[in-house]
Amino acid sequence: MSFVWPAALLGLLIVPLAVAGYLTAQRRRARYAVRFTNLDLLANVVQGSPAWRRHVPATLYILGIAALLFTLSRPQTTQAVPKEEATVILVTDVSGSMNATDVAPTRLAAAQEAAKTLVDRLPKGFQIGLVAFSNTPRLLVIPTTDKAAVDAALDSLRPNGGTAMGDAIIAALDAARPVLNDGQPTAAGTPGTTPAARPPTPTPTAGSKATDKPVIVILLSDGANTTGATKPLDAAQQAADQNVPIFTIALGTSAGIASVTDNLGRTRQVRVPPDPATLQQIADLTQAKFFEAPSAGDLQSIYDELGSKIGYDQQDREITFIFAAAAAIFVIAAGSFSLFWFNRFP
């Protein structure tokens, strides 16, 4: 909790003074009762002591004063507020190594489920695209608000082939080019459609936070780049030039083993460690963040964090009205009890 006018909290010093004044008044009342020596007559006049009830109205009044003084500081809390618009391109590795089982049940299955969670968490106004890559990248879903289409495309992924990571980044930039050129989301498209070519994208002004950009790329890969026309760091430099952050995720462990079919049709067991060094460089180059996911649980947590990071802004919201309402309730309750028990107000 923070305060617009924190100096106003000094006004709460009045509260202990009020408590001290009330206690002093109660001691004087006790001394007067002792000076009234005809106790038999006093017993006939006063049928019963109010005991604890006489303190209730005063206590509520003091609480009301405290709440009212607290409102002068204009308290506020930080709340997550959904962003209105952004374009998120999911770039998912579907090379043959994604059938490794070091991430249960398989690397690809874990990636599919975690990606669905991310898609579900993103605000409704977000455009979401999907690029899958192995030997070549494929734009499966043009950026769209149709989350069901993205989920269906994720379900269709199958592991096969090599890893063209650099080409996949270029495909993601091509998919986002209409947004980068015009500053507006693309129209909802159909799976498997490639956007038309556009003029080169101008470089936006640098300096804003990665999560405030109109286009964000999330790249998940479980291995090193093995094929393709563009090197991953060259593609990342193009993304940086266009002010597009690439959040990267290294999926799997160094002990991961996958069944791979060679050119002769033979199946071999091959060790398939991820390439965290390259993914770290891509994230650093584009002013984003790198994650490692050695398990399905880690991957789920990463996508949860990314959903909160890119889908919501942390904004301060004033909550003065809560304490003002509490002050009114305390004062009304104090008056009500005083009238009901002692027939006086206040």
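Bear in mind that the values in this text are calculations on the coordinates, not laboratory data. Quantities reported herein were computed from a predicted structural model and do not represent experimental measurements. Please note: Cβ atoms are built from the backbone with ideal geometry, for glycine as well, and neighbour counts cover all protein chains shown.
Quick look at the numbers
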read-out	value
Cβ-derived FRET efficiency at R0 35 Å, residue 146 paired with residue 234, nearest 0.05	0.60
Rg to Rh quotient for the range 245-346, alpha carbon positions, Kirkwood Rh	1.54
Among 265-273, 163-171, 148-156, 99-107, the order from most to least packed when residues are scored by Cβ within 10 Å on average	163-171, 99-107, 148-156, 265-273
Listed pairs 231/309; 147/231; 124/231; 83/289 exceeding 25 Å between Cα atoms	231/309; 147/231; 124/231
Rg(Cα)/(2.2 N^0.38 Å) for the range 88-165, N = residue count	1.06
Using alpha carbons only: equivalent-ellipsoid semi-axes of the range 262-312, gyration tensor based, whole Å	30, 16, 10
Peptide ranges 240-252, 58-70 listed from the most packed, as the mean C-beta count within 10 angstrom indicates	240-252, 58-70
Per-pair calculated FRET efficiency, R0 = 45 Å: residue 79 and residue 241 via Cβ, rounded to 0.05	0.80
FRET E, pair residue 271, residue 121, Förster distance 41 Å, beta-carbon r, rounded to 0.05	0.75
Extended-chain gain in nm, criterion 0.36 nm per residue less alpha-carbon gap, residue 255 and residue 317	17.5 nm
